[in-house]
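The values are calculated or read from the model by the stated rules, or taken from the named source; none is laboratory data. Fair warning: this is a prediction, and the values are worked out from it, not measured in the lab. Virtual Cβ from ideal backbone geometry, glycine too; neighbours counted across all protein chains shown. The protein model used for the area step is the full one, side chains on, heavy atoms only, and it has no ligands, DNA or RNA in it. Shrake-Rupley method; radii C 1.70, N 1.55, O 1.52, S 1.80 Å.
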Amino acid sequence: MSTIAAIGTPHGKGGVAMVRISGSEAFEVAKRVFVPANKARFEKQLHGSVYYGSFRDEKGVFDDGICILFKSPSSFTGEDVCELYCHGGLLVTQKLLASALKNGARMALAGEFTRRAFINGKMSLTQAEAIGGIIDSVSDKHLTVSANQANGSLSRALGEIYDELKLLAASVYAYIDYPDEDMTDISVPEMKQTLIKIKARLDRLAGSHTYGRAISEGIKTAIVGKPNTGKSSLLNLLCGEERAIVTDIAGTTRDIVTETVRLGDIILRLSDTAGIRESDDTVEKIGIGRSIGAISEADLVLAVFDLSRPIDDDDKRLISAIIESGKQSKTVCILNKSDIASGPCHKLPFDRALSISAKNNEGIELLVDTVGEMFGAGEIGENDEIIVNARQCAAVANAANAVGNAIEALDGFTQDIAGMDIEIALAAIAEADGRQVSEDIVNEIFSHFCVGK
Amino acid sequence: MIKYTAEKTQVAIIGAGHAGIEAALACARMGVKSILFTLTLDLVGNMPCNPSIGGTGKGHLVFEIDALGGEMGRAANAVMLQSRMLNASKGPAVRSLRMQSDRVRYRDYMKKIIENTENLTLKQSEVVSVETENGRVIGVTTSFGAFYPCECVIIATGTSLGGRIIVGEEAYESGPDNTLPAKRLVDSLAEAGVKLARFKTGTPPRIHADSIDYSKLERQDGDTDPIMFGFAPSRENLLPCYIAYTNEKTHKIIRDNLDRSPLYSGVIHGTGPRYCPSIEDKVVRFSDKERHQIFIEPMGTDTKEIYLQGLSSSLPEEVQLQLIRSIEGLENAVFMRTAYAIEYDCCDPLQLKNTLEFREISGLFGAGQFNGSSGYEEAAAQGLIAGINAALKVKGQGEFTLNRSESYIGTLIDDLVTKGTNEPYRIMTSRSEYRLLLRQDNAKTRLMPKGYGLGLVSDDCYNAFKEEEEQLASLIYALEHESIKGGEALDDLLESRGYARTGAGIVKAELLKRPEITIYDILALSNDERVYDKNILARAETEIKYSGYIKRQLAEVERFAKLEEKRLPPDIDYTAIRGLRLEAAQKLQKLRPESIGRASRISGVSPSDIQVLLIYLSQGGKQ
């Protein structure tokens, strides 16, 4: 396999950055890029040793730093690995990577380090996926769930269901293959009972993905409301220093389009936040045209109304826009400015409504609870398994579906058909669990990793 | 020692049991000069155990053998005593035919067929050596010193190879039914490089029919209008079977004498079949079961010998007699044959290719119990495939293999040669992933064109088959394209089966898909003048009722085919592939599977090893 290199630390300015090189030529590349302070000591290439020196390219030395060598197979990838730590400037890091690439390494593909680690037997597929989860975690909850999964907790839960189904399949086949043996071990009604129980467990697991996704990928959220209802105060509150994790995905600091914020354990992906600020600043830009687009794409709509003023035509237009987009059930009606409101509470056609004061930071806990409840937090117990991974969710849903078919087959068809369905469910669970994996899945999984991980 | 050179032949088959017979007939019928060796001419096609052909999964094998032009199904039909379709109510995929057979007439039938087959010589002789030169077979030598030069040898030695019978504390070297054991051949095979294992099986006692009190037993008759193998015209059931049960007294006798059972005292070393346990095994392993079922089966019309299925044992004779007499209805049983356990040598089937030829010894084939299987039907199926391939090899015409998605025969062979076995292997419907496609009723559709292509199926047979296929196709077409008018008659039917009256008409196939509606209901409402064969009706009903499931399995077959098509180059050095676990690399290096599909079925090769192989292949075989 060729020797690969990539920047292992996040892009941007920082104190220290790291370039990782992996492959049979890793040490050779290091020799060409790294000038050790103590040449004799570096020649020994001791596993796990730390060497100080400087980095160079064809023009000469450009930085100094540290080099660590990991010998195969005792490294992350299982190959010879060299980690070069330079100062964390964008330019210097790029220069170090470029130098490594010019001296025998090629740019690593997405997820290639982890993939090599997996290929070289350093980790299982589910562990590899869990590492992806740990890297991607932006919420504590996601981190906890990922860490649990890396320990195999979901595997255990799926394993139990798998074993139960296997036992059931075995009973069916024993009964079919040994018709003379006077076997009455399991009756059709008993079988059906067991299947119904298993289906409920699988359904619950598949259902946990709503929450799992909310704590990992996040929910597409639109904040809407006519000007001066306090959308930007709410936005600032959500993005406030103390609770915001902000990533700028597209564009510059001046033109932030999407912001990712954490609300309790749940991640919100706020769309068109620039637009919200803009339209609040400039009163002339009234109109809800811009909001309609955001509403129709959102999985969560935070509709902001001003408690201190009566509902007017603009509010009503917004309400009908929400209803027309079919997002009524996905909307939280936020009645803002509870601090200065004196009149009676507005009666609006939403199941979920709460009063807050964005300015005084009051009522935000209510919002946390409400959104949490909408995305299944209430149904998930402290120790319940949560599926954060879409692949696993699809497999578990397939298994639940197959078990459902088996139940139906027991009514309308014959036991051999029920047996077939149970086998399909078994295969689906094995897939969720990583016991059985097809080529497509492996490729799919590893393309999700960022370069350098 | 070679004393003289006998006539040159092309294929030599060692053993004239169920595997050897099919192998020899296939070779001869394909125009290859063959010789079939047997230890005794009086026991050609002997049934040393149960007097029946078929059973769950096994019935499927017989239908497939029949469709390919084998003899077993026709022989069973000819000597049928009673026929029953097992699992009739458990679904079309698992319906299996079992026929009680006249043991003596079965032997006579087979011997006569063999004696009247062109290109085939039947010879009573003990083969003591398989001669090889530079890794290929050149002939066999008999105990009288006759050297028969030939190009291929098929070993079908059953339980005779190194056979040893054990009854209680008594043990002696013997083949089944006290025949000669083939002892010297064992050394010759080991010398040729065949890796051998030792398995064990057993058979129950036989008693005299007049010593049974039938009034105390449950009678079990055959099906009315029984289905025959190959859907041949029905014959009448000749004799009933009976059912008896063991009781607590029986179990106590067994428990009290366990120390005298060679299975438990350590006298027997061979591995026995889990699927066909002795009565002492059943009593020990299922100690909470109050009774075990015993089938009382006739052995033929001209004999009073009765077979006691379910009482297989290796306990001392006097204990056997005691325990039989503890069973209600058998209190006065008169013993005719004592139950015994038998140990024998067989090969490790991982040495074989899917053609059943040894990977490392060109021209040497194995079939039947020698390959680690158990059962007459499993043996016959392998005999047929080994015979076909030996004939093709002689003729220089390539190979013939069946895969898992088209047959139970392919499933059986793939299991044996890919996974190996550590106990006598028995086919079961649960061994197949594609059960719903591999039914008895479509065996001819699946395999008869292949049998015809090989020259094993006669023109008459093939033309009749084509005609049936056309009838079926037109019947299915009619059901899918014709409707039943809405009205009283249809609504009355719907209501009587628990469905709502609709007043509307319906396409026949849609109506048939309802679980409570049969094809006969549809015929009754159709005023259809045409007369259909009952087997064709039954098959059309299955094809339509289960069409959704059949489609799904077909999709799985496609996925299966994709993995089977991913070829693994024959020269891969698995030990050099990074990431393969050592065990997997060693297994793959040894077995050299042709495809990813086969590699994935090798025990010890895990899904993650398969992923490594897939990645290896996707990188063009480079790392």
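Return yes when B:Pro593 is in contact (Cβ under 8 Å) with a residue 12 or more places away in the chain, assigned to a loop (DSSP other than H, G, I, E, B), open to solvent by 40 Å² or more (accessible area, probe 1.4 Å) and closer than 25 Å to B:Ser405 by Cα and no when it is not. Write out each step before concluding.
Numbers: in contact (Cβ under 8 Å) with a residue 12 or more places away in the chain: yes; assigned to a loop (DSSP other than H, G, I, E, B): yes; open to solvent by 40 Å² or more (accessible area, probe 1.4 Å): no; closer than 25 Å to B:Ser405 by Cα: yes.
Considered against the rule, which asks whether it is in contact (Cβ under 8 Å) with a residue 12 or more places away in the chain, assigned to a loop (DSSP other than H, G, I, E, B), open to solvent by 40 Å² or more (accessible area, probe 1.4 Å) and closer than 25 Å to B:Ser405 by Cα, B:Pro593 comes out as no.
For segment B:484-509, how many residues meet the condition of being closer than 23 Å to B:Glu543 by Cα and within 14 Å of chain A (Cβ to nearest Cβ)?
Qualifying residue count for the region: 2.
Of the residues B:Glu343, B:Glu406, only one is closer than 21 Å to B:Arg198 by Cα, within 21 Å of the chain's Cα centre (by Cα) and acidic (Asp, Glu); which? Let's see the steps before the verdict.
Details: B:Glu406 fails: closer than 21 Å to B:Arg198 by Cα.
Criteria check complete, one pass: B:Glu343.
Of all residues in segment B:263-308, which are open to solvent by less than 60 Å² (accessible area, probe 1.4 Å), assigned to a loop (DSSP other than H, G, I, E, B) and in contact with a strand residue (DSSP E or B) (Cβ under 8 Å, 6 or more places away or on another chain)?
B:Val267, B:Ile268, B:Gly270, B:Gly272, B:Pro273, B:Ser278, B:His292, B:Met299, B:Gly300
Give segment B:78-101 a look and list any residue that's open to solvent by 10 Å² or more (accessible area, probe 1.4 Å), within 13 Å of another protein chain (Cβ to nearest Cβ) and either touching a Gly at 6+ places or on another chain (Cβ under 7 Å) or closer than 18 Å to B:Glu22 by Cβ (or both), or say none.
Listed by number, the residues that qualify are B:Arg84, B:Arg98.
Looking at segment A:353-367, which of its residues are at pLDDT 85 or above and either open to solvent by less than 40 Å² (accessible area, probe 1.4 Å) or not assigned by TED's automatic domain parsing to the domain that holds A:Ser232 (or both)?
Those that are at pLDDT 85 or above and either open to solvent by less than 40 Å² (accessible area, probe 1.4 Å) or not assigned by TED's automatic domain parsing to the domain that holds A:Ser232 (or both): A:Leu354, A:Ile356, A:Ser357, A:Leu367.
Just wondering, is there one or more residues in segment B:561-572 that are touching a Ser or Thr at 6+ places or on another chain (Cβ under 6 Å) and without any contact (Cβ under 8 Å) to a residue 40 or more places away in the chain?
For segment B:561-572, residues touching a Ser or Thr at 6+ places or on another chain (Cβ under 6 Å) and without any contact (Cβ under 8 Å) to a residue 40 or more places away in the chain: present.
Would you please name the residue that is farthest from the other protein chains (Cβ to nearest Cβ), looking only at residues in segment A:163-181 that are under 18 Å from B:Gly54 (Cα atoms) and of a type in the set (A, V, I, L, M, F, W, C)?
Let us first name the residues in segment A:163-181 that are under 18 Å from B:Gly54 (Cα atoms), namely A:173-181.
Those still in the list that are of a type in the set (A, V, I, L, M, F, W, C) too: A:174, A:176.
Details: A:Ala174: 8, A:Ile176: 5 Å.
Looking at residues that are under 18 Å from B:Gly54 (Cα atoms) and of a type in the set (A, V, I, L, M, F, W, C), I get A:Ala174.
Only one of A:Asp255, A:Asp248, A:Asp272 is at pLDDT below 80, within 29 Å of the chain's Cα centre (by Cα), farther than 30 Å from A:Leu366 by Cβ and away from every other protein chain (no Cβ under 14 Å). Can you tell me which?
Working: A:Asp248 fails: farther than 30 Å from A:Leu366 by Cβ; A:Asp272 fails: farther than 30 Å from A:Leu366 by Cβ.
So the residue among A:Asp255, A:Asp248, A:Asp272 that is at pLDDT below 80, within 29 Å of the chain's Cα centre (by Cα), farther than 30 Å from A:Leu366 by Cβ and away from every other protein chain (no Cβ under 14 Å) is A:Asp255.
What is the one condition in (1) more than 14 Å from every other protein chain (Cβ to nearest Cβ); (2) in contact (Cβ under 8 Å) with a residue 12 or more places away in the chain that B:Glu115 does not satisfy?
For B:Glu115, the exception is condition (2).
Just one of B:Arg598, B:Arg552 is among the basic types (Lys, Arg), in a helix (DSSP H, G or I), under 27 Å from the mean Cα position of the chain (by Cα) and away from chain A (no Cβ under 14 Å); which is it?
B:Arg598
Would you say B:Arg435 is within 38 Å of the chain's Cα centre (by Cα) and either crowded, with 19+ Cβ neighbours inside 10 Å or without any contact (Cβ under 8 Å) to a residue 12 or more places away in the chain (or both)?
Working: within 38 Å of the chain's Cα centre (by Cα): yes; either crowded, with 19+ Cβ neighbours inside 10 Å or without any contact (Cβ under 8 Å) to a residue 12 or more places away in the chain (or both): yes.
Criteria met by B:Arg435.
Which of the numbered conditions does A:Phe350 fail, given that it passes all the others? Conditions: (1) open to solvent by less than 60 Å² (accessible area, probe 1.4 Å); (2) within 14 Å of chain B (Cβ to nearest Cβ).
Among (1) open to solvent by less than 60 Å² (accessible area, probe 1.4 Å); (2) within 14 Å of chain B (Cβ to nearest Cβ), the lone unmet condition for A:Phe350 is (2).
Considering only segment B:556-570, I want to know if a residue exists there that is acidic (Asp, Glu), more than 12 Å from chain A (Cβ to nearest Cβ), over 34 Å from the mean Cα position of the chain (by Cα) and part of a helix (DSSP H, G or I).
Filtering segment B:556-570 down to residues acidic (Asp, Glu) leaves B:556, B:558, B:564-565.
Imposing the further condition that a residue be more than 12 Å from chain A (Cβ to nearest Cβ) reduces the set to B:558, B:564-565.
Keeping just the survivors that are over 34 Å from the mean Cα position of the chain (by Cα) gives none.
Checked segment B:556-570: no residue is acidic (Asp, Glu), more than 12 Å from chain A (Cβ to nearest Cβ), over 34 Å from the mean Cα position of the chain (by Cα) and part of a helix (DSSP H, G or I).
Hey, can you tell me all the residues within segment B:394-425 that are open to solvent by 50 Å² or more (accessible area, probe 1.4 Å) and at pLDDT 95 or above? Even if it seems obvious, please write down each step before you answer.
Residues of segment B:394-425 open to solvent by 50 Å² or more (accessible area, probe 1.4 Å): B:395-397, B:399, B:401, B:403, B:419, B:422.
Across segment B:394-425, the qualifying residues are B:Lys395, B:Gly396, B:Gln397, B:Glu399, B:Thr401.
Scan segment B:359-375 and tell me whether some residue there is closer than 30 Å to B:Asp213 by Cβ, within 14 Å of another protein chain (Cβ to nearest Cβ), in a loop (DSSP other than H, G, I, E, B) and open to solvent by 10 Å² or more (accessible area, probe 1.4 Å).
Within segment B:359-375, the subset closer than 30 Å to B:Asp213 by Cβ is none.
Checked segment B:359-375: no residue is closer than 30 Å to B:Asp213 by Cβ, within 14 Å of another protein chain (Cβ to nearest Cβ), in a loop (DSSP other than H, G, I, E, B) and open to solvent by 10 Å² or more (accessible area, probe 1.4 Å).
Please go through segment B:447-490 and pick out each residue that is part of a helix (DSSP H, G or I), open to solvent by less than 40 Å² (accessible area, probe 1.4 Å) and in contact (Cβ under 8 Å) with a residue 24 or more places away in the chain.
Initially, segment B:447-490 is screened for residues part of a helix (DSSP H, G or I), giving B:447-454, B:459-481, B:488-490.
Subsequent filtering for residues that are open to solvent by less than 40 Å² (accessible area, probe 1.4 Å) retains B:447-448, B:451, B:454, B:462, B:465, B:472, B:475-476, B:478-479, B:490.
Once the filter is applied, which keeps residues that are part of a helix (DSSP H, G or I), open to solvent by less than 40 Å² (accessible area, probe 1.4 Å) and in contact (Cβ under 8 Å) with a residue 24 or more places away in the chain, segment B:447-490 yields B:Leu447, B:Met448, B:Gly451, B:Leu454, B:Leu472, B:Leu475, B:Ile476, B:Ala478, B:Leu479, B:Leu490.
Can you report the number of residues in segment A:410-427 which are more than 8 Å from chain B (Cβ to nearest Cβ) and either among the hydroxyl-bearing types (Ser, Thr, Tyr) or surrounded by 24 or more Cβ atoms within 10 Å (Cβ to Cβ) (or both)?
4
Looking at segment A:11-31, which of its residues are farther than 30 Å from B:Val612 by Cα and either surrounded by 20 or more Cβ atoms within 10 Å (Cβ to Cβ) or free of Cβ contacts under 8 Å to residues at least 40 places away in the same chain (or both)?
Keep residues of segment A:11-31 that are farther than 30 Å from B:Val612 by Cα, which gives A:11-17, A:31.
Hits for segment A:11-31 are A:Ala17, A:Lys31.
Restricting the search to segment B:287-317, which residues are within 13 Å of B:Ile254 (Cβ to Cβ), out of contact with any Lys or Arg (no Cβ under 6 Å at 6 or more places or on another chain) and away from chain A (no Cβ under 14 Å)?
B:Ser287, B:Ser313, B:Ser314, B:Leu315
Can you find a residue in segment B:102-112 that is open to solvent by less than 30 Å² (accessible area, probe 1.4 Å), over 15 Å from B:Tyr340 (Cβ atoms), in a helix (DSSP H, G or I) and at pLDDT below 95?
The first filter runs over segment B:102-112 and keeps only residues open to solvent by less than 30 Å² (accessible area, probe 1.4 Å), leaving B:102-103, B:106, B:110.
Pick out the ones that are also over 15 Å from B:Tyr340 (Cβ atoms) and you get B:102-103, B:106, B:110.
After this cut, where a residue has to be in a helix (DSSP H, G or I) as well, the list is B:103, B:106, B:110.
Restricting the remaining residues to those that are at pLDDT below 95 gives none.
No - not one qualifying residue is present in segment B:102-112.
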